[in-house]
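Here the structure comes first, spelled out in structure tokens, and everything after it is commentary.
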Amino acid sequence: VREIARGFRSRKIPCDVIYLDIDYMDGYRIFTWNRKNFPDPAGMISDLSKDGFRIAVIVDPGIKVDSGYAAYRSGLAGEDFVKYPDGTVYTGKVWPGVCAFPDFASSRARKWWGEQFSGLIAAGVRGWWNDMNEPSVFDVPTKTIDLNVVHNDDGRLTTHAEAHNIYGLEMTRATYDGVRS
């Protein structure tokens, strides 16, 4: 990232923002840093900001099913993931592997999602690339969440068939509200 920034400046190419794709994450786990490649993200971001760069990172809704992963544990504890009608958490495969997906129809889940940004903000990240919020699922023919999955819109239950087209909008709202607060 530093080399790319130096290249922009040495060639006098205007650039204000550098976007980090999924490789900044630890095992593609959203809200984490790959400490091998980014041992000091706050230091890097601070240094780059002195040269006029801001950092934006990609954020995907797939939360890796991993009991050692704080975002998964807290989302599970808060019942913030979409579920099948029988109450089982829906999972599907995306970049990190098997993932659960936030229920952005729920105000509680949107608040939870927004709170997850605190570490990225503390490191100095200033932009968000909300992606994969169709939401994408790799291992099914439809390439999205099962249409029978249930969203809990604060007590009003809807199927994903009904909520599919607002999922990305609600993810963006959750990101915006969370980052602002």
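The values are calculated or read from the model by the stated rules, or taken from the named source; none is laboratory data. None of the values given here were measured: they were computed from a predicted structure. No Cβ is skipped: glycine too gets one built from the backbone with ideal geometry, and neighbour counts run over all protein chains shown. The protein model used for the area step is the full one, side chains on, heavy atoms only, and it has no ligands, DNA or RNA in it. Shrake-Rupley method; radii C 1.70, N 1.55, O 1.52, S 1.80 Å.
Observations on the structure shown:
- Of all residues in region 95-112 being farther than 17 Å from residue 162 by Cβ and part of a loop (DSSP other than H, G, I, E, B), the one that is least open to solvent (accessible area, probe 1.4 Å): 96
- If the condition is being exposed (fewer than 15 other Cβ atoms within 10 Å of the Cβ) and acidic (Asp, Glu), then region 2-30 contributes 3, 16, 21, 23.
- Within region 135-172, the set of residues being under 30 Å from residue 53 (Cβ atoms) and surrounded by fewer than 17 Cβ atoms within 10 Å (Cβ to Cβ) comprises 169, 172.
- Test: residue in region 73-94 that is surrounded by 13 or more Cβ atoms within 10 Å (Cβ to Cβ), of a type outside the set (A, V, I, L, M), over 29 Å from residue 148 (Cβ atoms) and modelled with pLDDT of 95 or more: no
- Residue 125 of a type outside the set (Ser, Thr, Tyr) and without any contact (Cβ under 8 Å) to a residue 60 or more places away in the chain: no
- Number of residues in region 119-147 that are part of a loop (DSSP other than H, G, I, E, B) and either farther than 15 Å from residue 60 by Cα or of a type in the set (D, E, K, R) (or both) equals 12.
- Selection status of residue 40, among the acidic types (Asp, Glu), closer than 30 Å to residue 92 by Cα and free of Cβ contacts under 8 Å to residues at least 60 places away in the same chain: no
- Region 57-72, residues that are outside any loop (DSSP other than H, G, I, E, B), surrounded by 15 or more Cβ atoms within 10 Å (Cβ to Cβ) and either over 16 Å from the mean Cα position of the chain (by Cα) or not β-branched (Val, Ile, Thr) (or both): 64, 71, 72
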